[in-house]
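Reviewing the structure listed below.
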Amino acid sequence: MLEDKVVVITGGTRGIGLETVKVFNEQGAKVILFGSREETVLKAIEGLKKENIMVKGYYPDLLNYDEVLNVIKEIIKEYGKIDVLINNAGIAANKKIGETTVTDFTNIMDINVTGMFNTIKAVVPFMQEAHQGVILNTSSMVSIYGQPSGVGYPTSKFAVNGLTKSLARELAPDNIRVNAVAPGIIKTDMLSNLPKEQIAPLLKTIPLGRIGMPRDIANAFLFLASDMASYITGVILSVDGAAQN
Ligand code: NAD
């Protein structure tokens, strides 16, 4: 479904991002993953190699626009284009507001929103020049329902939806589609960092009766990245088993 497409995936070293690397590779894409540190990027590349998956990896500081732009230029030089950008890097929060510092709040907004903005801003001119492209962002079901703690996280994901819907409209004349996937409760490290008391009641609220797997989200990205979704833009696709938070 993605033969010879060049795909950049941020937060590609583990969890949802890593599974998306695998699924896109299976479908013929040339994948470049981003991670936060050299060590985790090398570890992911080594692990993938053992499964006969060859990818390149980078670890630009997503909060430093110039650094991101330099890496994007390097990728363009080597591959000639970027067809798909998946902005998946993100961090979560679960403290109550009284314990949340201003730094906690700005930190999550920085990584989840400004980092996404920087990467999109660096890639868009190359997609505009090619008059084609797909941008996919990882949102969350909390961007629809909110959540009862860690207010910075849902706030950042509501912003991701705003960015997605607005850029879909702005970039449609350039033949660039922009969509987001809003995962429910997915089995990754992010989930295992949440306290059990917070997960158990959430599980009861999933009508499909199971927790989501990273592949459930990767498959949604695959559909949205493919030509099967060529008339879909500006959508926040819930992939959450009909969960109600
Ligand atoms: P994860 O913690 O396993 O992976 C997070 C990824 O983001 C890692 O690859 C990490 O390198 C990257 N990252 C984190 N901080 C970074 C930084 N400062 N700079 C660069 N990269 C950074 O989590 P996951 O569950 O796979 O989460 C992936 C995305 O899915 C996130 O955007 C998250 O908000 C979203 N999400 C997850 C769930 C869930 O239940 N797991 C639910 C809804 C949305």
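The values are calculated or read from the model by the stated rules, or taken from the named source; none is laboratory data. From a predicted model like this one, the values you see are computed outputs, not experimental measurements. Positions of Cβ are generated from backbone atoms using ideal geometry, with glycine treated the same way; all protein chains shown enter the neighbour counts. These area figures cover heavy atoms from the full protein model, side chains too; ligands, DNA and RNA do not enter into them. Shrake-Rupley method; radii C 1.70, N 1.55, O 1.52, S 1.80 Å.
Divide by every residue of the chain the summed helix terms, -39500 (n - 2.57) for each DSSP H run of at least 4, and state the resulting mean residue ellipticity at 222 nm, rounded to the nearest 500 deg cm²/dmol.
Result for the chain, helices only: -14000 deg cm²/dmol.
Relative contact order of the chain, please, whole-number percent, based on alpha carbon pairs below 8 angstrom and at least 6 residues apart. Intermediate values should be presented prior to the final figure.
Working: 472 pairs, mean separation 50.5, N = 245.
Averaging sequence separation for qualifying contacts and normalising by length gives 21 percent for the chain.
Quick check: net charge around ILE206, other residues with Cβ under 13 Å of its Cβ, Lys/Arg +1 and Asp/Glu -1?
+1
For each pair in LYS30/LYS121; LYS77/LYS157; LYS165/LYS196; LYS5/LYS56; LYS43/LYS96, compute the distance between the two Cα atoms and list the pairs where it is over 24 Å.
Working: LYS30/LYS121 21 Å; LYS77/LYS157 32 Å; LYS165/LYS196 34 Å; LYS5/LYS56 14 Å; LYS43/LYS96 34 Å.
From the list (LYS30/LYS121; LYS77/LYS157; LYS165/LYS196; LYS5/LYS56; LYS43/LYS96), the Cα-Cα distance tops 24 Å for LYS77/LYS157; LYS165/LYS196; LYS43/LYS96.
Please enumerate, by chain and number, the aspartates and glutamates with C-alpha under 12 Å from the C-alpha of LYS22, excluding those fewer than 8 residues away in the same chain.
Counting by Cα, and skipping residues close in sequence, LYS22 has these aspartates and glutamates nearby: GLU51.
Taking a virtual spin label 7 Å from the Cα of ARG169 along the C-beta vector, which residues in segment 206-243 bring their backbone nitrogen under 12 Å of it?
234
I want to check the label-to-label distance for ILE199 and THR101. Put each point 7 Å from Cα in the C-beta direction and report it in nm to one decimal.
Rounded to a tenth, the inter-label distance reads 2.8 nm.
Counting other Cβ atoms within 10 Å of each Cβ, which trypsin sites (Lys or Arg not before Pro) in segment 72-170 have at most 16 and sit in a DSSP loop? Show your work: numbers first, answer last.
Values: sites: LYS73, LYS77, LYS81, LYS95, LYS96, LYS121, LYS157, LYS165, ARG169; in loops: LYS81, LYS95, LYS96.
Loop-located and lightly packed - LYS81, LYS95, LYS96.
So which residue, out of GLU38, GLU46, GLU197, gets the largest mean-square fluctuation from a GNM of the chain using Cα contacts under 10 Å as springs?
Between GLU38, GLU46, GLU197, it is GLU197 that shows the largest mean-square fluctuation.
Please enumerate, by chain and number, the aspartates and glutamates with C-alpha under 13 Å from the C-alpha of LYS50, excluding those fewer than 8 residues away in the same chain.
Leaving aside aspartates and glutamates fewer than 8 places away in the same chain, none come within reach of LYS50.
What ranking do 174-181, 125-132 get when scored by the average of other Cβ atoms within 10 Å per residue, highest first?
Working: 174-181: 23.0, 125-132: 14.8.
With the highest mean Cβ count within 10 Å placed first, the list reads 174-181, 125-132.
Once fully extended, how much extra length lies between LEU63 and ARG210, figured as 0.36 nm per residue of separation less the alpha-carbon to alpha-carbon distance? Intermediate results must be reported in sequence, preceding the final value.
Details: separation 147, 0.36 × 147 = 52.92 nm, distance 3.53 nm.
Fully extending the segment from LEU63 to ARG210 adds 49.4 nm.
Sorted from largest down, what three extents in whole angstroms do the Cα atoms of segment 110-245 have along their principal axes?
Taking the Cα atoms of segment 110-245, the three principal extents are 50, 31, 22 Å.
As an exercise, take the mean of 1/r over every pair of distinct alpha carbons in segment 6-236, invert it, and state the Kirkwood radius in angstroms.
Averaging 1/r across every pair of different Cα atoms and inverting gives 17.9 Å.
Counting only heavy atoms of the protein chains, get the accessible area per residue of segment 6-236 (1.4 Å probe) and round it to a whole Å² value.
Here the per-residue accessible area is 48 Å².
Using the Karplus equation 6.51 cos²θ - 1.76 cosθ + 1.60 (θ = phi - 60°), what ³J(HN,Hα) coupling, rounded to whole Hz, does each residue of segment 95-105 give in order, writing x for Gly and Pro?
Along segment 95-105, the couplings run 6, 5, 4, x, 9, 7, 7, 4, 5, 4, 5 Hz.
Over all directions, what mean area does the Cα convex hull of segment 1-132 project, stated in square nanometres?
Over all viewing directions, segment 1-132 projects a mean Cα-hull area of 8.7 nm².
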